[in-house]
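Working notes, beginning with the structure itself.
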Amino acid sequence: MVAAMLPRIVLACLWLFAASPGFAQRLSPLAATPDWAQLEKFQETITRDDFTHLLNHVYAPASAAKGMVEIEAEAVVIKTTLTPPTDFRLRFAKDAASAKPTPRFWRPAAQLPPAPPEQPLLGVKIAIDAGHLGGPWAKMEERWFQIGESRPVVEGEMTLRVAKMLVPKLQALGAEVSLVREALEPVTPQRPATLRDAGRAELAKLGVAAPRENYDSLSDPLRATTVQAQSELLFYRISEIRTRAEVVNTKLQPDLVVCLHFNAEAWGDPARPEFVPRNHLHVIVNGCYSASELRFDDQRYEMLTKLLSRSFPEEVAASEHSAAALATATKLPPYRYTTGNAIRAGTGEFLWARNLLANRLYHAPVVFLEPYVMNSEVVWARVQAGDYEGEFMIGGASRRSIYREYADAVAEGLRDYYSKARPAQPTVPK
């Protein structure tokens, strides 16, 4: 979701301020201290030219990594805040021919064995991450709104419905499919009540020395600086995604992660939400880290893990096919970022690189989908119609169920990608 309510914006700004030069904090909220030795496995796996291109044009544009990642003739030197101070040195491969194999658990489509035309995803391991939570957590995570007495629009429930529709479609194409979450329940064992001490500690780091324990309402102008708000944010935005990442990276280990989301724009007062005239589509890959973000050791480490595992080409290719299929099915125009936290990726109009927690932490390539604006009147009307077969007249046009349209388009995009990217099955002479 692109839109964010004011309290979340305030906290995000505070977290970025915490990474400014001279501030003691060097870890993002709930992040573990990076184990820099894990990057040893990438020694001599990438050339200087390839590393430089990915760093400067994908992951850290506008010299965002200056002073923290220094490229030399034969190696790159990465600054850390280890005690005692220690830099990490990664040696480049002399050339592409002598580069060692890239260590990773996932397989690019081009390196998969051939598959029959009717099952182009045969053996491909795909994890579907239905974004957000829904259920009793929806209002807390601000992925819920309601117009009058109508059916509430709940993103976490909508993404899970699409995910469950998508599973058999991908299985029919030969994929091995897993759901990162299967119910309207958190994956993390943490809850806001168990994170209040952590929330209080985060606020102290941010300079809020004597925070209020609880906020008065969702529209409380000082809500962001309360222990309640901080602990809730740590729960649904940080702990939940970090736990999902652990599941993806250590248990599922897929070849591709598909993150399902619905978009929205600011709807004003949660008690009196308003429609917006815009409806659009975009897809996100990992990239475009800012200098402030890269001052966190964990984000610098995670960026380098993504760069060195060479996930970007796979993310772009799979995302462009997914975006094309969604654009054809939905007829939505592309969303365009006007802020500095995203840059164009790939060749089409729909794809952007942006540093999100999920696409940063998931070690496999990630296709992060953001179609539909939930608080546009036509999408709201489609949500009111629920799931159905065939087509109904909605907003002056004959339309399919929004859930079936979404799931079918994702399946078609991945079918098209793997059909073209993996090696062709040899022709058997008659």
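Summary of values
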read-out	value
Sole residue being at pLDDT below 95, out of contact with any helix residue (DSSP H, G or I) (no Cβ under 8 Å at 6 or more places or on another chain) and part of a loop (DSSP other than H, G, I, E, B), chosen from Gly346, Gly390, Gly340	Gly340
Output for segment 313-365, where each listed residue is acidic (Asp, Glu) and open to solvent by 40 Å² or more (accessible area, probe 1.4 Å)	Glu320, Glu349
Matching residues in segment 130-165 - criterion: being touching a helix residue (DSSP H, G or I) at 6+ places or on another chain (Cβ under 8 Å), acidic (Asp, Glu) and open to solvent by less than 50 Å² (accessible area, probe 1.4 Å)	Glu141, Glu142
Of all residues in segment 86-129 being touching a strand residue (DSSP E or B) at 6+ places or on another chain (Cβ under 8 Å) and small (Gly, Ala, Ser), the one that is most open to solvent (accessible area, probe 1.4 Å)	Ala96
Strands (runs of 3 or more DSSP E) lying entirely in segment 38-153 (those with 2 or more residues that are of a type in the set (Lys, Arg))	88-91
Matching entry among Leu308, Leu256 (being more than 17 Å from the chain's Cα centre (by Cα) and at pLDDT 95 or above)	Leu308
Selected residue (only one of Glu405, Glu391 is in contact with a Ser or Thr (Cβ under 7 Å, 6 or more places away or on another chain), more than 30 Å from Gln253 (Cβ to Cβ) and in contact (Cβ under 8 Å) with a residue 40 or more places away in the chain)	Glu405
Residue that is surrounded by the fewest Cβ atoms within 10 Å (Cβ to Cβ) [pool: residues in segment 69-78 that are free of Cβ contacts under 8 Å to residues at least 24 places away in the same chain and out of contact with any helix residue (DSSP H, G or I) (no Cβ under 7 Å at 6 or more places or on another chain)]	Glu72
Residue check, Val177 out of contact with any Pro (no Cβ under 8 Å at 6 or more places or on another chain), in a strand (DSSP E or B) and either at pLDDT 95 or above or buried (at least 18 other Cβ atoms within 10 Å of the Cβ) (or both)	yes
Test: residue in segment 242-259 that is in contact with a helix residue (DSSP H, G or I) (Cβ under 7 Å, 6 or more places away or on another chain), open to solvent by 30 Å² or more (accessible area, probe 1.4 Å) and aliphatic (A, V, I, L, M)	no
Top-ranked residue of segment 383-399 - restricted to ones that are more than 27 Å from the chain's Cα centre (by Cα) and of a type in the set (D, E, K, R), ranked as most open to solvent (accessible area, probe 1.4 Å)	Glu389
Test for Arg196: is it basic (Lys, Arg), over 18 Å from Glu141 (Cβ atoms) and assigned to a helix (DSSP H, G or I)	no
Failed item, numbered, when Gln171 is tested on (1) free of Cβ contacts under 8 Å to residues at least 12 places away in the same chain; (2) closer than 30 Å to Arg104 by Cα; (3) not in a helix (DSSP H, G or I)	(3)
Test: residue in segment 375-382 that is modelled with pLDDT of 95 or more, crowded, with 20+ Cβ neighbours inside 10 Å, part of a helix (DSSP H, G or I) and among the basic types (Lys, Arg)	yes
Evaluation of Trp267 against (1) open to solvent by less than 20 Å² (accessible area, probe 1.4 Å); (2) outside any loop (DSSP other than H, G, I, E, B) (one fails), failing number	(2)
Out of Gly207, Gly199, sole residue that is under 24 Å from Ser239 (Cβ atoms), open to solvent by 30 Å² or more (accessible area, probe 1.4 Å), of a type outside the set (Asp, Glu) and over 23 Å from the mean Cα position of the chain (by Cα)	Gly207
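Listed here are the residues, each with its yes/no results for (1) at pLDDT 95 or above; (2) of a type outside the set (S, T, N, Q).
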{"residue": "Ala193", "(1), (2)": "yes, yes"}
{"residue": "Arg200", "(1), (2)": "yes, yes"}
{"residue": "Lys205", "(1), (2)": "no, yes"}
{"residue": "Ala209", "(1), (2)": "no, yes"}
{"residue": "Ser217", "(1), (2)": "no, no"}
{"residue": "Asp220", "(1), (2)": "no, yes"}
{"residue": "Ala229", "(1), (2)": "yes, yes"}
{"residue": "Leu234", "(1), (2)": "yes, yes"}
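The values are calculated or read from the model by the stated rules, or taken from the named source; none is laboratory data. Predicted model, so just to flag it, every value in this text is computed and none were measured. Neighbour counts run over all protein chains shown; Cβ positions are idealised from the backbone, glycine included. These area figures cover heavy atoms from the full protein model, side chains too; ligands, DNA and RNA do not enter into them. Shrake-Rupley method; radii C 1.70, N 1.55, O 1.52, S 1.80 Å.
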